[in-house]
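Student: Quick one: the structure is below, questions incoming.
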Ligand SMILES: Cc1cc2nc3c(=O)[nH]c(=O)nc-3n(C[C@H](O)[C@H](O)[C@H](O)COP(=O)(O)OP(=O)(O)OC[C@H]3O[C@@H](n4cnc5c(N)ncnc54)[C@H](O)[C@@H]3O)c2cc1C
Ligand code: SF4
Ligand code: SF4
Ligand code: FES
């Protein structure tokens, strides 16, 4: 490789699409591995961090890492097809090479969350970053108190990682609450309700020792946060990951800025307290 | 800092000698405006500092360039062709602009494109111009500069004081030691004070930056934003001319074969609608008022990793905006029209 590439954070590294399958109509799951095996095995990251994925000719875009650092080697992403880069990615076959760089962003503050209860609230594509946190907590189960997953989707076929999460219902060390707004086929085995209705199953938690992590479509935040605040969870223990347009991922292009906060460096994970202080965050 | 003095008439000879450090650039007149250009014909060079149409950032963070060249999924850095330059005629406000960009491009993930251009560009500053309409550097504390340049020429009418700001600057001086004199006397100091005083009295406009950051915080819901939002033409000129606007976009340009191509970076503008649009059509700053508020937040309240106001008082937005939206008019508006136009 060209020598000057080494000090250049904008140069993507080649990575191979190892496996892919559809999670819903327009969301696809990708397992990706750095071609350089040492890099693949040595990369450290935190749940909540993201990578810039590059397809030459189409461009670059940020995607949350969906896999957990507790299972090194493979990086997993779930991607919705919306535009140029994602369309180009969807055209690629297994074994194709893409470029990736990262990990970027702050990620979830694991050091703070450890030793506490954890409520994970997922809507739609919010599953991407929160699956990483959930799997991490399950792989390090002794480090966490009670763990809840509240996951809402429009219909069963929209629920990302449906099979995986349905299996998790068998675990007795996780409260796995799955719901859909509508159940057209009538064979959905869990709740049919808005995700906010699931909060009534979160009972007797010591709120001072509880962290919540929320990610979903912008409309979801307001209602979910209302519930969490009502439960009594302190504002600085409510974590959310936010989406902004990003062109560099490393604090240079200006696109992700809110006030003088760079979502790509200071975020994408913010506390509800941060958000109340920066009016444009949600 | 090492300070020397030099006879006015020796500047030309010195600049000639500095060409061994790179292409000589400086302000030239083009129609009614001044622009930085390559100096092949010395008579075109404007020696006294001028407000150029675009600030010196255009040479360090160019409007458009290749960052990578790709072949399949193999990417190669494009840094080789960055030329060495000596840029004469940079005013203190522009150098302060560079200092703000320096922090942004150097911290956390150093940007090799910015850094390489910055390192290959010798900055020769000049000051003690007569402030023109709209010069606000004194309000912003950017009328003097202590770092960020290689050499700095204070024009004291009969002679230049020459401040040596870097090792490269020192090397440039050493090529023609005969043109410089390091015997700084009381006479030079008196002249310096006299010129500074004379210059300071010529500012006609001011902004009280001790209160403006707080006023910005208090004016989040001010109707002023709606008003200017309605007036703004979304032309983006203010962001191009401002020395502390760094935003850029990145686009891939494939060759005809499609297999090879270039990844290009070019200036973007936060006033444009598409700037903050995300997938699904959500726009976190949907109105022009919101976007102008972000711009003025950056200029008058907090910007960059250090969170300080980024306006360096160059006055370019005042010259440029076709509908009179600029730091002065916004401040006047926020203060309820009470801001007197006059000396500080
Ligand atoms: C930190 C972070 C994590 C993300 N994680 C995921 C993820 O796990 N899965 C996923 O599917 N998506 C994720 N996204 C969103 C994803 O980056 C965008 O969908 C993607 O950039 C669209 O690129 P495109 O070239 O396909 O679309 P484009 O052709 O660029 O645009 C299509 C549409 O998307 C909008 N858009 C353009 N760029 C962005 C952008 N960077 N972010 C959002 N919208 C954009 C456009 O305004 C347009 O409406 C994440 C975004 C961020 C900031
Ligand atoms: S805001 Fe206006 S006066 Fe201030 S630095 Fe930018 S262009 Fe110059
Ligand atoms: S120069 Fe004036 S009209 Fe043009 S985008 Fe800036 S504020 Fe709007
Ligand atoms: S994505 Fe470029 S500054 Fe954050």
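Student: Where residues in region A:5-15 are farther than 22 Å from residue B:249 by Cα and either touching a helix residue (DSSP H, G or I) at 6+ places or on another chain (Cβ under 7 Å) or more than 7 Å from chain B (Cβ to nearest Cβ) (or both), which of them is modelled with the highest pLDDT? Before the answer, list the steps.
Tutor: Step one: of region A:5-15, the residues farther than 22 Å from residue B:249 by Cα are A:6, A:14-15.
Next, from what is left, pick out any that are either touching a helix residue (DSSP H, G or I) at 6+ places or on another chain (Cβ under 7 Å) or more than 7 Å from chain B (Cβ to nearest Cβ) (or both): A:6, A:15.
Details: A:6: 66, A:15: 96.
So the residue we want is A:15.
Student: Taking residue A:247 as the residue in question, decide whether it is surrounded by fewer than 21 Cβ atoms within 10 Å (Cβ to Cβ) and either within 14 Å of another protein chain (Cβ to nearest Cβ) or without any contact (Cβ under 8 Å) to a residue 60 or more places away in the chain (or both).
Tutor: Spelling it out, it is not the case that residue A:247 is surrounded by fewer than 21 Cβ atoms within 10 Å (Cβ to Cβ) and either within 14 Å of another protein chain (Cβ to nearest Cβ) or without any contact (Cβ under 8 Å) to a residue 60 or more places away in the chain (or both).
Student: For residues that are in a helix (DSSP H, G or I), away from ligand 2 (no atom under 11 Å from the Cβ) and within 26 Å of residue A:243 (Cβ to Cβ), tally how many sit in region B:285-337.
Tutor: Selection size over region B:285-337: 8.
Student: Of all residues in region B:215-239 being within 14 Å of chain A (Cβ to nearest Cβ) and closer than 30 Å to residue B:113 by Cβ, which is modelled with the lowest pLDDT?
Tutor: B:236
Student: Also, I was wondering about something else. Before we move on, is residue B:119 surrounded by fewer than 18 Cβ atoms within 10 Å (Cβ to Cβ), within 14 Å of chain A (Cβ to nearest Cβ) and modelled with pLDDT of 95 or more?
Tutor: Judged against the criteria, residue B:119 is a match.
Student: Could I ask something else about it? So which of A:266, A:274 is part of a loop (DSSP other than H, G, I, E, B) and either within 23 Å of residue B:220 (Cα to Cα) or within 14 Å of chain B (Cβ to nearest Cβ) (or both)?
Tutor: Unique residue meeting the criteria: A:266.
Student: Under 30 Å from residue B:113 (Cα atoms), away from ligand 1 (no atom under 16 Å from the Cβ), within 12 Å of chain A (Cβ to nearest Cβ) and surrounded by 18 or more Cβ atoms within 10 Å (Cβ to Cβ), is that true of residue B:260?
Tutor: Working: under 30 Å from residue B:113 (Cα atoms): yes; away from ligand 1 (no atom under 16 Å from the Cβ): yes; within 12 Å of chain A (Cβ to nearest Cβ): yes; surrounded by 18 or more Cβ atoms within 10 Å (Cβ to Cβ): no.
No; evaluated as a whole, the condition is false for this residue.
Student: Additional query: Of the conditions (1) more than 14 Å from chain A (Cβ to nearest Cβ); (2) buried (at least 22 other Cβ atoms within 10 Å of the Cβ), residue B:132 clears all except one; give me its number.
Tutor: Looking at each condition in turn, residue B:132 falls short on (2).
Student: With the checklist (1) within 17 Å of residue A:133 (Cβ to Cβ); (2) modelled with pLDDT under 90 in hand, flag the one item residue A:245 doesn't pass.
Tutor: For residue A:245, the exception is condition (1).
Student: Could you list, in sequence order, the residues of region A:54-79 that are assigned to a strand (DSSP E or B) and under 16 Å from the mean Cα position of the chain (by Cα)?
Tutor: Restricting attention to region A:54-79, the residues satisfying the condition of being assigned to a strand (DSSP E or B) are A:54-55, A:59-64, A:75-79.
Listed by number, the residues that qualify are A:61, A:62, A:63, A:64, A:75, A:76, A:77, A:78, A:79.
Student: Just give me the residues in region A:250-263 being more than 8 Å from every other protein chain (Cβ to nearest Cβ) and surrounded by fewer than 23 Cβ atoms within 10 Å (Cβ to Cβ), in sequence order. Steps first, please.
Tutor: Here is the first cut: in region A:250-263, the ones more than 8 Å from every other protein chain (Cβ to nearest Cβ) are A:256, A:261, A:263.
Listed by number, the list holds a single entry, A:261.
Student: For residue A:95, work out the one condition from (1) part of a loop (DSSP other than H, G, I, E, B); (2) within 13 Å of chain B (Cβ to nearest Cβ); (3) at pLDDT 95 or above it doesn't fulfil.
Tutor: (3)
Student: Which condition number in (1) in contact (Cβ under 8 Å) with a residue 12 or more places away in the chain; (2) more than 16 Å from ligand 3 (Cβ to nearest atom); (3) assigned to a helix (DSSP H, G or I); (4) closer than 29 Å to residue B:325 by Cβ is the one that residue B:229 fails?
Tutor: (2)
Student: Criterion first (assigned to a loop (DSSP other than H, G, I, E, B) and within 16 Å of ligand 3 (Cβ to nearest atom)) does residue A:249 satisfy it?
Tutor: Numbers: assigned to a loop (DSSP other than H, G, I, E, B): yes; within 16 Å of ligand 3 (Cβ to nearest atom): no.
No; evaluated as a whole, the condition is false for this residue.
Student: Inside region B:35-53, can you point out the residues that are over 22 Å from residue B:8 (Cβ atoms) and surrounded by fewer than 18 Cβ atoms within 10 Å (Cβ to Cβ)?
Tutor: B:35, B:37, B:38, B:40
Student: Given the conditions (1) in contact (Cβ under 8 Å) with a residue 60 or more places away in the chain; (2) more than 30 Å from residue A:278 (Cβ to Cβ), and given that residue B:142 satisfies all but one, which numbered condition is not satisfied?
Tutor: (2)
Student: In this structure, does residue B:221 turn out to be in a strand (DSSP E or B) and either surrounded by fewer than 13 Cβ atoms within 10 Å (Cβ to Cβ) or more than 16 Å from ligand 4 (Cβ to nearest atom) (or both)?
Tutor: no
Student: If we scan region A:180-198, do we find a residue that is closer than 29 Å to residue B:246 by Cα and surrounded by fewer than 17 Cβ atoms within 10 Å (Cβ to Cβ)?
Tutor: Here is the first cut: in region A:180-198, the ones closer than 29 Å to residue B:246 by Cα are none.
Scanning region A:180-198, I find no residue that is closer than 29 Å to residue B:246 by Cα and surrounded by fewer than 17 Cβ atoms within 10 Å (Cβ to Cβ), so the answer is no.
Student: Follow-up question, since we're still on this one. On the basis of being under 25 Å from the mean Cα position of the chain (by Cα), more than 25 Å from residue B:67 (Cβ to Cβ) and away from chain A (no Cβ under 12 Å), does residue B:330 make the cut?
Tutor: Here the answer is yes, as residue B:330 does meet what is asked.
Student: What about residue A:82, is it under 22 Å from residue A:251 (Cβ atoms), within 9 Å of chain B (Cβ to nearest Cβ) and assigned to a loop (DSSP other than H, G, I, E, B)?
Tutor: no
Student: Could you check region B:87-112 and list, in sequence order, the residues that are away from chain A (no Cβ under 14 Å) and either at positive phi or more than 16 Å from the chain's Cα centre (by Cα) (or both)?
Tutor: The answer is B:89, and nothing else.
The values are calculated or read from the model by the stated rules, or taken from the named source; none is laboratory data. None of the values given here were measured: they were computed from a predicted structure. FYI the Cβ positions are ideal-geometry reconstructions off the backbone, even for glycines, and counts take in every protein chain you see.
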